[in-house]
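Right, one structure below, let's go through it.
Coordinate-derived values only; no laboratory data. Being a predicted model, the structure only gives us computed values, none of them experimental. Note that each Cβ is placed from the backbone with ideal geometry, even for glycine, and that neighbours are counted across all protein chains shown.
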Ligand SMILES: Nc1nc2c(ncn2[C@@H]2O[C@H](COP(=O)(O)OP(=O)(O)OP(=O)(O)O)[C@@H](O)[C@H]2O)c(=O)[nH]1
Ligand SMILES: [Mg+2]
């Protein structure tokens, strides 16, 4: 695969091509991963999540610049910024993140559509591509809604939850499961009214938990707290090096099961279409001579012995 030398050099065109390939799950994807896999698993993955409009992209833009000054080489994967903001969100993100791009950060949006697990799959492999291309950390931006943030915290080594005083449902969101996942709970837009109350609420609600999360305050607008936040991340990256491999082992187990189960599902799906027992009991079911559960039990037993 002639993409690899350019990928190794961190050339943007090669990275873009490779991510598109793994995102679309093309046959070439397997070939690329086969070649690069051995050289992956070391870069830190930082998940940045939180409600829409909290300032995640703006914050990442500035933070990436600050992290480069700390001798790290960040890349950013933004999970589907189009799903919740209509009209040029990607363009908006690009504009908001130009500074970091200029400083050498690679930024890419990836789709969050698809079947369960599809986002995780394309994220995992896009992370590998970026790592092979020499980036560390890989920062993932995702909106904290529904399932995505859970997936993010499974993939990330460090998870940051971003709040801002304008999000009326902040505390609601905290209750909705975010308390479990953050290493850092960041209050952004500290230039706005209400940020102190929000900070207090976050501290009271989460700060007392035994995990002892860090709760920084930032304002992207006033450029305050950013370099401290970057230092916090750098420090966490260093600390997590020791525990990363343990986490990695668990993740690889999950991934392997995921892939095998998917393979089996596909194979079984094909088999069912031509399976005699299946068509026999399907007919019975369609005549209502049998209920779906009993029919499924019989078919399953005949397939898996
Ligand atoms: N006043 C103020 N505004 C900010 C700050 N940070 C970001 N914003 C503004 O908040 C809006 C949303 O910022 P984004 O960076 O797009 O937020 P986001 O969380 O990435 O949004 P989504 O990707 O759409 O979920 C933009 O208009 C920013 O200019 C801040 O510190 N203070
Ligand atoms: Mg954004």
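Placing R0 at 45 angstrom, the Cβ-Cβ distance between residue 205 and residue 16 gives a FRET efficiency of 0.65 after rounding to 0.05.
How would you rank 187, 304, going from fewest to most other Cβ atoms within 10 Å of each one's own Cβ?
304, 187
Global dimensions of region 257-303 from alpha-carbon coordinates: Rg and Dmax equal 12.1, 37 Å.
For region 192-305, a/c is not less than 1.5, where a ≥ b ≥ c are the root eigenvalues of the C-alpha gyration tensor, and a/b tops b/c. That puts it in the prolate class.
When you count, for each residue, the other Cβ atoms within 10 Å and take the mean per peptide, how do 41-48, 247-254 rank with the highest first? Let's see the in-between values first.
Details: 41-48: 22.4, 247-254: 12.2.
Per-residue Cβ counts within 10 Å, averaged per peptide and sorted highest first, yield 41-48, 247-254.
Once both labels are positioned 7 Å from their Cα atoms along Cα-to-Cβ, the gap between residue 284 and residue 26 label points is 4.7 nm.
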